[in-house]
Amino acid sequence: MVFWAVVNVAISLIFVLSIKAPLMRAYLILNYVLIVNPTFMWTFFGIAHPRFIPGHGSYEIALIYMALFNLVLCCSFLVLMRLLPRSRFARRHVLAHRINTSEDTGRMVFIAVGLVALGVTGKLVLDSMGALRMLDAGGTGPFLQAVKVLAGFDLLSIVLLGELRLSAKRRQKLLNSVLASVLLISFILAVASGSRSQSVTVLLLGLLAYRDVVLHYRLVVVPVLALVIPVVFMLFPLLGHYRNHNYDLTEALYLLEKTNQDRYEIMLDVVATRLNYQETVARAVDVVQHQGPMGGAVYWNNIVGVIPRLIWEGKPSIDNDSRQIGHMLGIVTVDDTSTSIGLQVVGESFFEYGWLGLWVAVFQALIFTMIHKNLYCPGNRVGMTAYIFVSLYILQRDGYFAVVPGLIWLLIGFILFFGTFAVLMPRRRKPPSNETLPYRFSH
């Protein structure tokens, strides 16, 4: 088991150093933390998932499959990066958008604030539909996805404001004050929704928005983060209590204090349980070995999900029945009807197809290639805003059973968001025919 964990580390390290795409690097590092790291946690510190079965062969098979999956993924990415062209849409609407060269920082901040207000309004509408809070997310209707798109405008504005402060020559005080205010508002709303992922996402967006400061003062920032990160991990049990006790923050704080665990013990517990996907992948391997693969029907959601409910009123719910998966894998108790279990892309592909699930790595490489080819453009405000936002969306997904509809809705959101700026900002003088664009896509 340790041998295959080391093999995975070697493969990840080779491609992290050789592939310059931040999305691919982040994915490989995240996969290490979630699936490989539990091996070392158990081997060197004796820390493991409560359901861990020492010596069971499924863990080793899971690590072997992950090594092959990452090899196929990275090699496919390198090949597709050479074969696939950049889209004309990206050249026209990413490179040439007027946000990229405008120095009217005040106007852009004003528009961004308006879009933040629209995002907050969207979240309030979701709350009225019963689709904001995690355990009450039962909202339906033909316009639900459209409202969810608008509800993400506050987070999208954070990314754009961060890119503006990195490149704008004026109004830095205005940018910093507005950015800090939007971060605070978004964090409060994320906590109020009971979403751990949304809360952590806001914190990550804050770090990315000030990445120049983090890098410049890294000798100070790194020790500070080492002290702060264990406190951030306390959000996991806190929000769990908050959701399970009718969103009563006072009760949640009381229960957190009652656990008698310090922040470091809580961090280790979170790493061993909620951030331990090796257990779910290994149990998916075990199920497939005894019952056979599930057949991949869940991936049809990528086609069904594209059809709007406005056209297909009786369209079935798009999900992978993650609560039932938890029972199939034996991870949650019989009486637990609220806990959902994610498999990650690696585990999901094996669960659905067995060893043939390696084709999903090629599909994933195609998605990564399209994102990197068409959006990654350092110094370009529109390109980097979209790249960061869609990368976080991809990295947060527990599987690809409905990734295509999600990406389509993200594209619609980008068109609405950046289209607002295109309409409300003054047009630039058209450059002479021999004038080249100031940005180039990065390889």
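Only the coordinates and a few stated rules stand behind these numbers; no lab work does. Computed from a prediction, not measured in an experiment: that's the story for all the values here. Positions of Cβ are generated from backbone atoms using ideal geometry, with glycine treated the same way; all protein chains shown enter the neighbour counts.
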Fill in: Options Asn244, Pro405, Gly342, ranked by Cα towards positive dipole end of the chain, top entry (Cβ charges)
Pro405
Worksheet item: Which of the peptides 243-252, 161-170 is most tightly packed, and how do the rest follow, going by the mean number of other Cβ atoms within 10 Å of each residue?
Response: 161-170, 243-252
Discussion item. Kirkwood Rh and Cα-based Rg: tell me the resulting Rg over Rh for region 230-317, rounded to two decimals.
Written reply: 1.18
Response to the item:
Cβ density ranking, 10 Å radius, fewest first, applied to Tyr242, Tyr264 yields Tyr264, Tyr242
Worksheet item: Can you list the HN-Hα couplings for region 293-306, worked out from phi with the Karplus curve (6.51, -1.76, 1.60; θ = phi - 60°), rounded to whole Hz and with x for Gly and Pro?
Response: x, 6, x, x, 4, 4, 6, 5, 4, 5, 9, 4, x, 6
Practice prompt. Starting from the amide H of Asp248, placed 1.01 Å from N in the peptide plane, find each other amide H under 5 Å away whose residue is 5 or more places distant or on another chain.
Written response: none
Worksheet item: Which of these, Thr201, Thr39, Thr420, has the largest mean-square fluctuation under a Gaussian network model of the chain (Cα springs below 10 Å)?
Response: Thr420
Worksheet item: Hey, with R₀ at 25 Å, roughly what FRET efficiency would Arg86 and His216 work out to, going by the Cβ-Cβ distance, to 0.05?
Response: 0.20
Fill in: Calculated diffusion of region 1-91, Stokes-Einstein form, Kirkwood radius summed over Cα pairs, 20 °C and 1.002 mPa s, µm²/s
146 µm²/s
Worksheet entry | Given charges at beta-carbon only (K, R positive; D, E negative), |dipole| of region 246-375 in Debye | 580 debye
Response to the item:
Checking Asp127, Asp335, Asp104 against a Gaussian network model of the chain (alpha-carbon springs below 10 Å), the top fluctuating residue turns out to be Asp335
Worksheet, complete the sentence: Residue-ordered couplings for region 384-397, obtained by feeding phi - 60° into the Karplus form 6.51 cos²θ - 1.76 cosθ + 1.60 and rounding to whole Hz (Gly and Pro as x), are 6, 4, 5, 5, 4, 5, 6, 5, 5, 4, 5, 5, 7, 6
Discussion item. Let's test the formula: R0 of 35 Å, r as the Cβ-Cβ distance of Thr420 and Val304. What FRET efficiency results, to the nearest 0.05?
Written reply: 0.70
Practice prompt. Could you pull out which residues in region 76-115 have an amide N less than 15 Å from a spot 7 Å beyond the Cα of Arg170, following the Cα-Cβ vector?
Written response: 101-110
Worksheet item: For the residue pair Ile229 and Ala96, what label-to-label distance in nm results when each label sits 7 Å from Cα along the Cα-to-beta-carbon direction?
Response: 4.4 nm
Worksheet item: In what order do Ser199, Ser87, Ser349, Ser76 fall by count of nearby beta-carbon atoms within 10 Å, going from fewest to most?
Response: Ser87, Ser76, Ser199, Ser349
Worksheet item: Karplus couplings for region 345-353 from phi (6.51 cos²θ - 1.76 cosθ + 1.60, θ = phi - 60°), rounded to Hz, Gly and Pro as x?
Response: 4, 4, x, 4, 5, 5, 4, 8, 10
Response to the item:
hull vol. (C-alpha, convex hull) per residue for region 254-367, Å³ -> 176 Å³
Item to complete: For helix 235-244, report the angle its Cα long axis makes with the longest principal axis of the Cα atoms of the chain; keep it between 0 and 90° and round to the nearest 10°.
Response: 80 degrees
Fill in: Most mobile listed residue (Ala297, Ala48, Ala190) in the chain, GNM with C-alpha springs under 10 Å
Ala297
Worksheet item: Candidates (i) 86, 26, 23; (ii) 35, 26, 24; (iii) 42, 26, 19; which is the computed semi-axes √(5λ) of the Cα gyration tensor in Å?
Response: (ii)
Worksheet item: In terms of Cα to Cα distance under 20 Å, which aspartates and glutamates are near enough to Lys123, apart from those fewer than 8 places away along the same chain?
Response: Asp136, Asp154, Asp248
Discussion item. Nearest 500 deg cm²/dmol is fine: what mean residue ellipticity at 222 nm does the chain get from its DSSP H runs of n ≥ 4 alone, each adding -39,500 (n - 2.57), divided by its residue count?
Written reply: -21000 deg cm²/dmol
